[in-house]
Amino acid sequence: MPWITAADSDIGAREEQQDRYLVVRNDRGSSQLLVVADGAGGHTMGAMAAQTAITHVRENVTGLWLSEDPLTFLKDLIVECNQRVLALSDTDLACSTIVMVFMRSDELFWGHVGDSRFYLIRNGEVISQTRDHSVGELQQRQGDEATGAIKAAENELYMCLGGLSDITPELDSSAVREGDSLLLCSDGLWGQTDMLRTFSELSNTGISQEGLAKLVAQSISAAKIAKPENGDNITLIASQFLEKPTLIRRLLSAIFKT
Amino acid sequence: MGYIRVYRGNDLTNQLELGEEQVTIGRTEGNTLVLPGDGVSRQHAAIEFQNGEYYIVDLGSQNGVFLNNEKVVKSKLKYWDEIQIHNFVIKFMATQGLSAKKGAQNQTAQESESDKTKFFKITDEKQLDDLRKKTKECFLNCSDGSGVVKKVLIKKPKIAIGKSKDADLSVSGWFAPGICATIERQGNNYELVPRKRGKVSYQNKPIVGPTKLLDGSVFSVRGRQFKFFNRLTKTS
């Protein structure tokens with residue numbers, strides 16, 4: 001697997017952890033799927049919504065490994081998750097965001113609904129990212145915005161799992177190059193911390209597995225410290241594409257194998 | 001009156017209210033709008049006010065000025081137009097934008113605005129739907145030599161052009177390699193990546209390294225002609 005990956009999650013200053021995440025590889029270790037879901041709703045319903053989506057993805061992921069059309073597969077998977085989450089809510093609303101990225105050699109395929117984000121980073125700059133399905137983001141695009149009033153509506157999602165019976169997940173894909181990094185995170189991270197710092201730290205190529213895990217932990221604690229009162233749940237998965245192992249690494253692995 | 005909003009990626013990094021005086025855009029200090037980056041010329045472009053209209057003018061820049069994906073030397077601006085300079089997008093709008101999210105520095109104009117209360121229309125459902133359905137469509141027009149032009153949608157992050165059976169688009173020739181070139185989605189852009197002995201030309205010039213494809217550009221691989229399109233279209 002040319003990717004190294006680290007993931008972590010923190011409850012923040014909330015009473016309940018409603019974020020869920022999943023990192024899953026195929027048996028050969030040649031492909032990987034990363035998922036973040038951020039639930040919302042009262043009385044454990046948010047956590048249940050996020051968990052339901054993650055469970056559905058985990059149970060149905062095998063088809064993805066061999067899929068010839070990963071984007072359609074991801075779309076169907078998200079639409080199915082929506083049906084599962086819709087089935088949960090009776091009187092209490094249960095909903096969740098979902099963002100997932102499928103990595104196969106040097107190709108990425110991603111899809112999302114809601115405001116959990118995917119970022120693709122090259123040389124410290126974001127070269128692609130998901131657009132939040134929030135009222136604020138939409139109005140920003142429309143140029144139909146006001147300054148104060150929107151702030152309140154900014155977090156309102158117009159598309160998520162469990163909200164509408166008919167959803168249109170947004171999908172995209174890209175090839176990657178040596179040293180490229182990606183991030184998946186819930187709004188607890190991007191809404192509470194300076195993402196530019198995380199982007200630049202992630203751009204240190206040749207980072208080790210331990211180094212990446214440390215970076216993830218640091219970013220999460222920075223977001224937590226930034227909002228000590230009522231801070232949101234925080235989840236982050238980071239990955240870096242390192243195709244060519246260094247000569248030393250190859251030598252070492254050859255020595256240890258024999 | 002109008003505003004320009006400067007985006008880098010999805011982040012709103014700066015915005016300016018336009019008056020009647022010229023706004024110069026360039027890499028060096030002294031320009032009204034400074035855009036850092038090697039791809040921006042020292043004096044790259046200007047926005048000029050003439051007879052009640054705004055115009056974007058290329059000041060002889062190295063890499064050009066693009067208006068809604070088309071290269072321009074001088075062109076009238078209308079609201080919602082997008083000016084592309086290097087990796088910046090400058091939108092010409094009737095109103096100010098929201099303050100950029102975390103991390104980006106903003107103009108003071110924004111702060112003075114924030115204590116005013118404004119009303120805003122809740123977006124109606126139809127507009128919402130229209131926006132959701134507007135997506136970029138990328139495709140190639142490929143000629144086969146006999147004048148027949150075929151449209152090929154680009155749906156994968158990588159498309160291979162070559163003699164190999166696995167290539168998505170075929171070229172012929174005795175010495176043509178299995179893969180002559182690939183078209184790769186790299187972030188938000190598409191790049192033409194030539195391989196050894198691929199004989200790849202972009203806009204009639206031979207290329208050896210990855211080259212960003214612009215809407216409407218032409219390229220050839222081993223003599224076969226292609227035209228690349230990357231534009232906003234409404235999907236059903």
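Numbers at a glance
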{"quantity": "Hits in the range A:160-199 (condition: of a type outside the set (D, E, K, R) and farther than 26 Å from A:His133 by Cα)", "calculated": "A:Gly179"}
{"quantity": "Top-ranked residue of the range A:157-175 - restricted to ones that are in contact with a Leu (Cβ under 6 Å, 6 or more places away or on another chain) and more than 8 Å from chain B (Cβ to nearest Cβ), ranked as most open to solvent (accessible area, probe 1.4 Å)", "calculated": "A:Leu171"}
{"quantity": "Single match in A:Ile11, A:Ile78 (criterion: under 21 Å from A:Ala217 (Cα atoms) and touching a residue at least 60 places away in the same chain (Cβ under 8 Å))", "calculated": "A:Ile11"}
{"quantity": "Listing of strands (runs of 3 or more DSSP E) fully contained in the range B:163-236 that carry 1 or more residues being without any contact (Cβ under 8 Å) to a residue 40 or more places away in the chain", "calculated": "B:181-186, B:189-194, B:200-202, B:218-221"}
{"quantity": "Strands (runs of 3 or more DSSP E) lying entirely in the range B:1-93 (those with 2 or more residues that are in contact with a helix residue (DSSP H, G or I) (Cβ under 9 Å, 6 or more places away or on another chain) and surrounded by 16 or more Cβ atoms within 10 Å (Cβ to Cβ))", "calculated": "B:11-18"}
{"quantity": "B:Lys156 being within 13 Å of another protein chain (Cβ to nearest Cβ), over 19 Å from B:Phe66 (Cβ atoms), open to solvent by 30 Å² or more (accessible area, probe 1.4 Å) and not in a strand (DSSP E or B)", "calculated": "yes"}
{"quantity": "Selection count where residues are open to solvent by 10 Å² or more (accessible area, probe 1.4 Å) and touching a strand residue (DSSP E or B) at 6+ places or on another chain (Cβ under 9 Å), scope the range A:89-108", "calculated": "7"}
{"quantity": "Condition check for A:Ile237: under 20 Å from A:Met1 (Cα atoms) and at pLDDT below 90", "calculated": "no"}
{"quantity": "Any hit, the range A:181-191, residues being polar (S, T, N, Q), open to solvent by less than 10 Å² (accessible area, probe 1.4 Å) and in contact with a strand residue (DSSP E or B) (Cβ under 8 Å, 6 or more places away or on another chain)", "calculated": "yes"}
{"quantity": "Yes/no for A:Thr193 being part of a helix (DSSP H, G or I) and within 14 Å of chain B (Cβ to nearest Cβ)", "calculated": "no"}
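The values are calculated or read from the model by the stated rules, or taken from the named source; none is laboratory data. If you're wondering where the values come from, they're calculated on a predicted model, not measured in any experiment. Backbone-built Cβ (ideal geometry, glycine too); neighbour counts: all protein chains shown. For accessibility, only protein heavy atoms count, side chains too; no ligands or nucleic acids. Shrake-Rupley method; radii C 1.70, N 1.55, O 1.52, S 1.80 Å.
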